[in-house]
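Bear in mind these aren't lab numbers, they're just calculated from the coordinates by the rules spelled out. Being a predicted model, the structure only gives us computed values, none of them experimental. Note that each Cβ is placed from the backbone with ideal geometry, even for glycine, and that neighbours are counted across all protein chains shown.
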Amino acid sequence: MHLNTHLIHMPGNYLFAEIARRVSAYAPSAPRPLIRLGIGDVTQPLAPAITQAMAAASLEMGTPEGFHGYPPDQGYDFLRQAILDADYAPLGVQLALDDVFITDGAKTDTSALQELLAPDARIALTDPVYPVYVDSNAMAGRLGNYENDSWSRLATLPCNAENAFVPELPTEPVDMLYLCYPNNPTGTVLTRAQLKRFVDYALQTQTLILFDAAYKAYITDDAIPRSIYEIEGAEKIAIECCSFSKSAGFTGTRCAYTIIPQALTAQVDGQAVSLNALWRRRVASRQNGVSYPIQRAAAAALSPDGRAQVDAQVRGYMDNARQIVTAFTSAGLQVFGGVHAPYVWLRIPGGQSSWDFFDRLLHEAQVVGTPGSGFGPSGEGYLRLTAFNTAEATREALARILAIL
Ligand code: PLP
């Protein structure tokens, strides 16, 4: 049996599997309940507009007239139209229905979209980074060898306090560049001018941008772009991935969408090839979509009532983020993010490593964070905390952390 050697040689565990392993080994002997500010999972229940739509659609499925079998490959028109109306029209972004692909998660698509590229295509991504982009390319055999914490065929763009978490442009030719803003893990954003620099570079060099906007609902200032298509020309060079997970609490419900504009083409043998058509071809062979009740639930999250309810939840999480930033800043610690994102990126005081500090927080404060180094070498010396717990738990966690520092 010839197994996938790229998979066999993947380094270590997926980050959150390793955290879960350490937490479950320690939890039985912990002197008080753990507070989890680690994995980026929401905690608020689904909003009433969403559950009502899901329940109504489920009942509909039990009737002869309302039964739905396989959904359309790209998703139901009612949801795709709601996305265009609620998420793009207010930004002045004009897209077509066929530009939208409904999927069961941004993880599914951000990991799969590399299949559009040749096996030897070159990739660039920021460091630290959401690990899914790296792992999916490594498993496809595109990244070369892994030695001393780095892949031999991967261009990384370091983001740290010294460059204010704004990456430089790639210095070597690449085929695809991943950008995630608001950023997981650092919680930082790019201004319109900073994002335009990347779009202009991509247009000039014909580099595909994969823009992950999973956290766009957390942006609190209209001056910060919520979509890459707010930047002129981006529809010719960028794919955008969005999700209902963090905007509407769908981490367990599963619904997301990807935009591949029909203006996005690549030259192959002198012909313009549509990436939208390629992805449609791939989707038709590889998936059967998201269920009718869940697509109805997602559309309800975009309705005026649903929007008001989920926006209130997002504001609640952002109150927690503000609490974390204020507490740490008042204690003289250096923190980043937490203003347009549910993540706070703490510079670890005293020069401790990310994993040592993670273990110390776990064992002395009974608080679970995420070690920055798990997101890439430039994350060493940082710890990520999420704003997704309750206000009370967040307050208690901050008191515990400050007590041990
Ligand atoms: N993209 C980023 C940057 C994320 O942080 C996450 C989840 O944490 C995802 C995508 C996954 O989203 P989904 O739940 O839609 O798969």
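Numbers for the structure displayed
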item	result
DSSP-assigned coil residues among GluC sites (Glu not before Pro) in the stretch 59-142, each with at most 12 further Cβ atoms within 10 Å	Glu65
Within the stretch 1-127: Cβ-based charge dipole about Cα centre, in debye rounded to nearest 20 (Lys, Arg +1; Asp, Glu -1)	920 debye
Hz values of 3J(HN,Hα) by residue in the stretch 285-302 - Karplus curve (6.51, -1.76, 1.60), Gly and Pro given as x	8, 10, 8, 10, x, 10, 5, 4, x, 6, 5, 5, 5, 5, 4, 5, 5, 9
The stretch 51-304 - charge dipole about Cα centre, Lys and Arg +1 at Cβ, Asp and Glu -1, debye rounded to 20	300 debye
Stretch gain in nm, segment Thr43-Gln81, where the contour uses 0.36 nm per residue and the Cα spacing is subtracted	10.8 nm
Kirkwood-based shape ratio for the stretch 45-88, expressed as Rg/Rh from alpha carbons	1.03
Cα-derived Rg to Rh of the stretch 263-405, Kirkwood definition	1.16
Sequence ranges 105-113, 159-167, 312-320, 10-18, ranked by mean other-Cβ count within 10 angstrom, highest first	105-113, 312-320, 159-167, 10-18
Rule-of-thumb Rg ratio for the chain [Cα; 2.2 N^0.38 Å; N residues]	0.99
Backbone HN-Hα couplings from phi across the stretch 187-197 [Karplus 6.51/-1.76/1.60, Hz, Gly and Pro as x]	x, 8, 10, 10, 6, 4, 5, 5, 6, 4, 4
Cβ-defined net charge surrounding Pro11, 14 Å radius [Lys, Arg +1; Asp, Glu -1]	-4
Packing-based exposure ordering (other Cβ within 10 Å, fewest first) of Leu97, Leu362	Leu97, Leu362
Global geometry of the stretch 26-138, whether rounded, prolate or oblate, following the gyration tensor of its Cα atoms and the 1.5 cut on a/c	oblate
Coil-residue GluC sites (Glu not before Pro) of the stretch 202-271, DSSP, other Cβ within 10 Å capped at 16	Glu232
Top of Gln114, Gln334, Gln287 by mean-square fluctuation, Gaussian network on the chain, Cα under 10 Å	Gln287
Amide proton proximity set for Ser243, modelled H, under 5 Å, gap of 5+	Tyr257
Bins of 5 Å, starting at 0 and running to the largest distance - Cα pair percent for the stretch 99-244	2, 9, 20, 24, 23, 15, 6, 2, 0
Prolate/oblate/rounded label for the stretch 1-65 (Cα gyration tensor, a/c 1.5)	oblate
Relative packing of 345-352, 387-394, which averages over residues the other C-beta atoms within 10 Å, highest first	387-394, 345-352
Other-chain or far-sequence residues with amide H under 5 Å of Val273's (modelled H)	Ala266, Gln267, Val268
Residues whose placed amide H lies under 5 Å from that of Ala263, excluding near-sequence neighbours	none
The stretch 167-307: Rg to Rh, with Rh as the Kirkwood radius over Cα pairs	0.99
Of Leu177, Ala284, Gln94, farthest towards positive along the dipole that unit charges on Lys, Arg, Asp, Glu beta carbons give the stretch 51-304	Ala284
